[in-house]
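Q: Before anything else, here's the structure in question.
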There are 2 protein chains.
Amino acid sequence: MDFPSTFPIWNQLNTLQQNRILGSLTTRKVRKGALIHNGSMDCTGLLLVKSGQLRAYLLSDEGREITIYRLFDMDMCLFSASCIMRSIQFEITIEAEKDTEFWIIPAKIYKSIMEESASVANYTNELMATRFSDVMWLMEQVMWKSLDKRVAAFLLEEASIEGTNELKITHETIANHLGSHREVITRMLRYFQSEGIVRLSRGTVVILDEKKLEKLQEA
Amino acid sequence: MDFPSTFPIWNQLNTLQQNRILGSLTTRKVRKGALIHNGSMDCTGLLLVKSGQLRAYLLSDEGREITIYRLFDMDMCLFSASCIMRSIQFEITIEAEKDTEFWIIPAKIYKSIMEESASVANYTNELMATRFSDVMWLMEQVMWKSLDKRVAAFLLEEASIEGTNELKITHETIANHLGSHREVITRMLRYFQSEGIVRLSRGTVVILDEKKLEKLQEA
């Protein structure tokens, strides 16, 4: 898998632009848990995920977290290069949820190409609109959906990502994804267990009844 | 006030593009309370506010509301033309908070110019980034800030917009701005009243102690 065949608008760049990107491109491999970008760091650049999984989240002053979106193979991360647009006035943190390999396009290079190319600017627009849609969906969840539905949806999402119903995940981690507290998640999971929906053990949540979870999520 | 002197990137358009916009531009005057756009309607177009005040909000299936951002003189509304980007997968509702006059650029015309002009595409990017920042700020408020601080901040914002400490606003309206319930807002305002911060009467909230509100907001 090489960069040109992965970068969605490669063919819309002219040779000069292609060479500027190839000449400045770097790759990086990080371990699960690595912090890749935080709001106060320098402008990292645009990330294109080769393989692995990244998580972008909001971090409060008190250390609370809520997951904004996740990135998988071939996904592009724009907000790690938030300096390319002066109107981006928020800070997100990005960490590796799995061992991850990605390309970095330096922010300066991308910005200069975006300024001269309508295709690149419009592609960037679509990228941002996708993330915007994620955040608006999340806002609706947070505002109008009860926590039991959100936990149900999260467990189903995890099972789908991992391809297994035996999830290696702590209550603390689930709380950090959903912007909740560990104690609250523990109480909810125990309720799920008493209903026969999951089985809990140290660091593991096993989904026993997917159908009930799906019903709960949709209710 | 004419369109060319109000539209921020007018001078970055070529004559052809300028004529396409001028030839398709319409103006509209609406009364306070008018519904200008909702997610399920047709793609209204880009709005440029001449004078007045608009409110963009999320509406839940159950009729609950939360204000996402507000638009004032010379502000541009992008999401009333959400069809110009296929990745915009959310629906907002826009209503007039005051009698408002605005220009409408048809979505099709704007989209075609955006596709050929890097300047217009990048301007659109900045517009979206501004709204994205509003939403991220709101997400932080909703997630980590207690309601008393949010009500305090809202009352101060209203006083600043209206230029008076005597606010003609119902508890229901405040609840709809903040994504809360009327009963909850009434309880909070009564608490504020008992602390000597506001005085309540039918349809009116008078701010008596701005300093206390500011302290509360920052706490």
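Values quoted throughout were computed directly from the atomic coordinates according to the rules given, and no laboratory measurement underlies them. Nothing here was measured: the structure is a model prediction, and the numbers come from that model. Glycine also receives a Cβ, built like all others from the backbone with ideal geometry; neighbour counts cover every protein chain displayed.
Q: When only DSSP loop residues count, what trypsin sites (Lys or Arg not before Pro) in region B:114-219 have their Cβ near at most 16 other Cβ atoms within 10 Å?
A: Working: sites: B:Arg131, B:Lys145, B:Lys149, B:Arg150, B:Lys168, B:Arg182, B:Arg187, B:Arg190, B:Arg199, B:Arg202, B:Lys211, B:Lys212, B:Lys215; in loops: B:Lys145, B:Arg202.
Answer by residue number: B:Lys145, B:Arg202.
Q: Between A:Arg182 and the same site in the other copies, what are the distances in nm, shortest first, taking label points 7 Å from Cα along the C-beta direction?
A: Computed spacing set for this position: 4.2 nm.
Q: Measuring label to label, 7 Å along Cα→Cβ, what does A:Leu147 give against each other copy in nm, shortest first?
A: From this label point to the equivalent ones elsewhere in the assembly: 1.6 nm.
Q: Let me ask something else about it. List the residues whose amide H sits under 5 Å from the amide H of A:Val198, counting only those 5 or more places along or on another chain, with H placed 1.01 Å from N in the peptide plane.
A: Residues meeting the criterion, in which the H sits 1.01 Å from N, are A:Gln193, A:Leu208.
Q: As I understand it, the value is the acute angle between the Cα axis of helix A:118-144 and the longest principal axis of the Cα atoms of chain A; what does it come to in degrees, rounded to 10?
A: 20 degrees
Q: Can I ask one more? Quick one: longest stretch of chain B between exposed loop GluC sites (Glu not before Pro), exposed meaning at most 13 other C-beta atoms within 10 Å and loop per DSSP? Please report the intermediate quantities before stating the final value.
A: Numbers: sites that count: B:Glu62, B:Glu195.
Looking at chain B, B:63-194 is the longest stretch - no exposed GluC sites (Glu not before Pro) with at most 13 other Cβ atoms within 10 Å.
Q: Amide H neighbours of B:Ile66 under 5 Å, at least 5 residues apart or on other chains, H built in the peptide plane: list them.
A: B:Leu58
Q: Write out the trypsin sites (Lys or Arg not before Pro) in region B:54-88 meeting two conditions: DSSP loop, and at most 11 other Cβ atoms within 10 Å of their Cβ. If you can, show how the numbers build up before the last one.
A: Details: sites: B:Arg55, B:Arg64, B:Arg70, B:Arg86; in loops: B:Arg64, B:Arg86.
Hits after loop and neighbour filter: B:Arg86.
Q: Taking each residue of A:139-146 in turn, how many C-beta atoms of other protein chains fall within 10 Å of its C-beta, and what is the average? Intermediate values should be presented prior to the final figure.
A: On the way: counts 11, 7, 0, 5, 10, 8, 1, 0.
For this peptide, the per-residue mean of nearby foreign Cβ atoms is 5.
Q: Something else: For chain A, take the longest principal axis of its alpha carbons; what is the angle in degrees between that and the long axis of helix A:182-194, to the nearest 10 within 0 to 90?
A: Around 50 degrees separate the two axes.
Q: Still on this structure, please answer the following. Each label point is 7 Å from the Cα along the Cα-to-Cβ direction; what then is the distance between the points at B:Glu183 and A:Cys83, in nm?
A: Here the modelled spin labels are 5.2 nm apart.
Q: Another question, then. Per residue of region A:96-109, what does 6.51 cos²θ - 1.76 cosθ + 1.60 with θ = phi - 60° give for ³J(HN,Hα)? Whole Hz please, x for Gly and Pro, Karplus curve as stated.
A: 7, 8, 9, 3, 9, 10, 8, 8, 10, 9, x, 4, 4, 4
Q: Assume the label is 7 Å from Cα along Cα to beta carbon: what separations in nm does B:Gln12 have to the matching positions in the other copies?
A: Spelled out, the distances from B:Gln12's label point are 1.7 nm.
Q: OK, next. Report the label-to-label distance for A:Glu172 and A:Glu210 in nanometres (one decimal), using points 7 Å from each Cα along the Cα→Cβ vector.
A: With each label point 7 Å from Cα toward Cβ, the separation is 3.0 nm.
Q: Whose Cβ in chain B comes nearest the axis that rotates B onto A, and by how many Å?
A: B:Ala121, 2
Q: Another question, if that's okay. Going by how many other Cβ atoms sit within 10 Å of their own, how do A:Thr93, B:Thr100, A:Thr27 line up, fewest first? Could you put the intermediate results ahead of the total?
A: Values: A:Thr93 20, B:Thr100 24, A:Thr27 11.
Ordered by Cβ neighbours within 10 Å, fewest first: A:Thr27, A:Thr93, B:Thr100.
Q: Based on the Cα gyration tensor of region A:117-219, what are the three equivalent ellipsoid semi-axes, each the root of five times an eigenvalue, rounded to whole Å and given largest first? Please report the intermediate quantities before stating the final value.
A: Details: eigenvalues 190, 43, 34 Å².
One finds semi-axes of 31, 15, 13 Å for region A:117-219.
Q: For the protein assembly as shown, what does the helix formula give at 222 nm: sum of -39500 (n - 2.57) over DSSP H segments with n ≥ 4, over the residue count, nearest 500 deg cm²/dmol?
A: Values: 16 runs with 194 residues, N = 438.
Counting only the DSSP helices, I get -14000 deg cm²/dmol.
Q: In debye, nearest 20: dipole of region B:3-137 around its Cα centre with unit charges on the Cβ of K, R (+) and D, E (-)?
A: Numbers: 14 positive and 15 negative charges, 67 e Å.
The calculation lands at about 320 debye.
Q: Which far-off residues, 5 or more places away or on another chain, put their amide H under 5 Å from the one on A:Leu46, with H placed in the peptide plane?
A: Amide H to amide H, under 5 Å and 5 or more residues apart or across chains, A:Leu46 pairs with A:Ile105, A:Ala107.
Q: Just to compare against my own numbers: the Cα pair-distance distribution for the protein assembly as shown, 10 Å bins, whole % per bin, please.
A: Spelled out per bin, shortest first, that is 4, 18, 26, 26, 18, 7, 1.
Q: Nearest 20 debye, what's the magnitude of the dipole of the protein assembly as shown about its Cα centre given +1 on Lys and Arg Cβ and -1 on Asp and Glu Cβ? Don't skip to the answer; put the middle values down first.
A: Numbers: 52 positive and 58 negative charges, 51 e Å.
It works out to roughly 240 debye.
Q: Something else now. Taking Cβ-Cβ under 4.7 Å as the only way to count a partner, pick out the unpartnered cysteines of chain B.
A: Cys with no partner Cβ under 4.7 Å: B:Cys77.
Q: Once phi is turned into ³J(HN,Hα) by the Karplus curve 6.51 cos²θ - 1.76 cosθ + 1.60 with θ = phi - 60°, what whole-Hz value does each residue of region B:21-33 show in order, with x for glycine and proline?
A: Working through the residues one at a time gives 5, 4, x, 10, 5, 10, 10, 9, 10, 10, 7, 3, x Hz.
Q: Count the lysine pairs in region B:3-137 whose Cα atoms lie under 15 Å apart, taking only pairs 8 or more positions apart in sequence or on different chains.
A: Values: B:Lys29/B:Lys50; B:Lys29/B:Lys98; B:Lys32/B:Lys50; B:Lys32/B:Lys98; B:Lys50/B:Lys98.
Going through region B:3-137 pair by pair, I get 5.
Q: Something else: Based on the Cα atoms of chain B, what semi-axes does the equivalent ellipsoid have, where each is the square root of 5 times one gyration tensor eigenvalue, given in whole Å with the largest first? Display every interim value, and only then the final one.
A: Values: eigenvalues 262, 60, 50 Å².
Semi-axes, largest first: 36, 17, 16 Å.
Q: Give me a comma-separated list of calculated 3J(HN,Hα) values for region A:57-70, in order, Karplus coefficients 6.51, -1.76, 1.60 applied at θ = phi - 60°, integers in Hz, x for any Gly or Pro.
A: For region A:57-70, the Karplus-derived couplings read 9, 8, 10, 7, 4, 8, x, 7, 10, 8, 6, 9, 7, 10 Hz, x marking Gly and Pro.
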